[in-house]
Structure formats: C-alpha cells, structure tokens
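The values are calculated or read from the model by the stated rules, or taken from the named source; none is laboratory data. All values reported here derive from a predicted model rather than from experimental measurement. Backbone-built Cβ (ideal geometry, glycine too); neighbour counts: all protein chains shown. Ligands, DNA and RNA are stripped out before the accessible areas are found, and what is left, the full protein with its side chains, is counted by its heavy atoms. Shrake-Rupley method; radii C 1.70, N 1.55, O 1.52, S 1.80 Å.
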Amino acid sequence: MDCPECSSNIDVNKKSEGICMKCGSEKTVYSCTNFHSICESCLDDVSFERIKDICISSTSINPYDILCDIFDSDSLRFHDYKHHVAVGCALIAAHRNSGFEIDISPLIDEMIKRGRKVPPGSCGLMGNCGAAVSVGTFYSIMTGTTPYSEKTWSDANLATAQSLIEMAIIGGPRCCKRNSMVALRVGSRIAIEKLGSQIVLSEMKCTDHDRNKECIKERCPFYS
C-alpha cells in the first residue's frame, strides 16, 4: 500500500503505537519508509476512495477489467475485507458504462458504507463470504430494495445465495480473489437477466497462486 502523504511503501505487516497523521488519534499505526504513520481505519478510507475514483473514471463494460484495475492500484491486500466492497463497485461501474446514465458516485458511497460492515473472515467464521454479499448488495442498491420490498427482496437474497453456492461447490480454503471472480460471474449474469445490463464479462484467469499459500491450484476454475 502506498502512503497517502508521500507515496512511499507502507508495510502493512508491521504495526506500532503512534499518532495517525489523518485522524490525529494515538493508536496502533502503520508507517511508511518516510515515517508517516496512519491507523488502519484511515488507511482503509484511503483505499475506499481509490476504489471509488477508479470506478467513477472507468469506461469499461467488463467488471473484471475494473476489478483488475482495483487490484493493480494496490488498494487492497490479497486477502482483505475490502473485496467485499470492490466486487459490488466494479459491477455498479460496468453496469453504468453499459449504457445507463446514472450518477454512480452516491451508489458507490452506499456500496462502501454497506460493504465495509461485512467483517473480515466472514466466509469461514460466519459461512457468508463478503464477496457474495457484495453481489446481493449491488442488486439491492441498483433496485432500491429495502427489508419491506417483495420481488426484489427475493432477488437480492438469491443473488447472494447463488454466489455462495458456486463458491461452496469449488470448496475451501479461502481465496479472496477466487471468490471475487465467482461473485463477478454471478453478479454479471444477474445484472443482465434482472437489470437489462449490457455488461460483458471476459474470461477470468488467475496467475497469482504464488501469493496465496492456501491456493487450491487445479481445483480452482481460474487457475492458470
């Protein structure tokens, strides 16, 4: 992760006690090579802003391209709860770009607000992967679904459920990138069928298996 102050590298594996340069609180912080310190919550805020900027400026109708841009921006770690936001944001942006004149800024803000509430490790600790929830959240936001809705309430829950089923069939252990790609596949299909979207999802392949010690290799449909 790059430091928001000087763009030098922040080692997210090293923590210390200090004062956050963003919020001014004394707490556990990460520091860059130039000794700027930032707390985890503020560092997440910076990452979410980068995700938002990428999605707003994107012109691609392929949500996988947008997600790869997010990956390349170093906005999230390989295993990171921010995938719970990134999936839905990529779908919102691709849907907009496919011919829908919508102001996605408030929609992205709502996706960030909801998605960051899904806790890290929820895939194993709660049986509810946040990337799957991101698909249901995307559909809920795009349709204005609330707990009082009827048809779209069912569809939003089915969106999450279908994502979870496809993830579960592949099996564990965890891989945020694998589950995000499964979620994009389901989310794109639902956007086309339910929202009339012109999203085009390209073939997805992963070449990052060396970065994931839990990689299931040939059992993963995206293994390359």
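Given the pairs 15/213; 27/82; 117/217, which span a C-alpha to C-alpha distance of over 24 angstrom in this model?
Details: 15/213 22 Å; 27/82 21 Å; 117/217 30 Å.
Too far apart for the 24 Å limit: 117/217.
Restricting to the chain, compute how many DSSP beta bridges are antiparallel as a %, nearest 5. Kindly include the intermediate steps, with their values, before the conclusion.
Numbers: 9 of 10 bridges.
Once the DSSP bridges in the chain are tallied, antiparallel ones form about 90 percent.
Based on Cα positions only, what radius of gyration and what Dmax would you give for the stretch 74-224, in angstroms?
In Å, with Rg to one decimal and Dmax whole: 14.8, 45.
Testing the spin-label approximation: label points 7 Å from Cα along Cα→Cβ at residue 71 and residue 161. State their distance in nm.
3.0 nm
Quick query: amide H of residue 15 versus all other amide H atoms, modeled in the peptide plane; which residues come in under 5 Å with a sequence gap of 5 or more or a different chain?
Amide H neighbours of residue 15, under 5 Å, 5+ apart: none.
Largest first, how would 29, 118 line up by accessible area (1.4 Å probe)? Walk me through the intermediate numbers first.
Numbers: 29 0, 118 25 Å².
So, going from the largest accessible area down, we get 118, 29.
Heavy-atom accessible area per residue, the chain, 1.4 Å probe: how many Å²?
49 Å²
Just to confirm the filter: which chymotrypsin sites (Phe, Trp or Tyr not before Pro) across the stretch 1-71 are DSSP coil and have at most 14 other Cβ within 10 angstrom of their Cβ?
Working: sites: 30, 35, 48, 64, 71; in loops: 35.
Passing sites in the stretch 1-71 are 35.
With all protein chains present, how much of the accessible area of the stretch 108-224 (probe radius 1.4 Å) comes from carbon and sulfur, to the nearest whole percent? Numbers along the way, then the final one.
Values: 3370 of 6080 Å².
Using a 1.4 Å probe with all protein chains present, the stretch 108-224 comes out at 55 percent carbon and sulfur.
How big is the gap, in Å, between the Cα center of the stretch 15-88 and the Cα center of the stretch 175-199?
When both Cα centres are located, 23 Å separates them.
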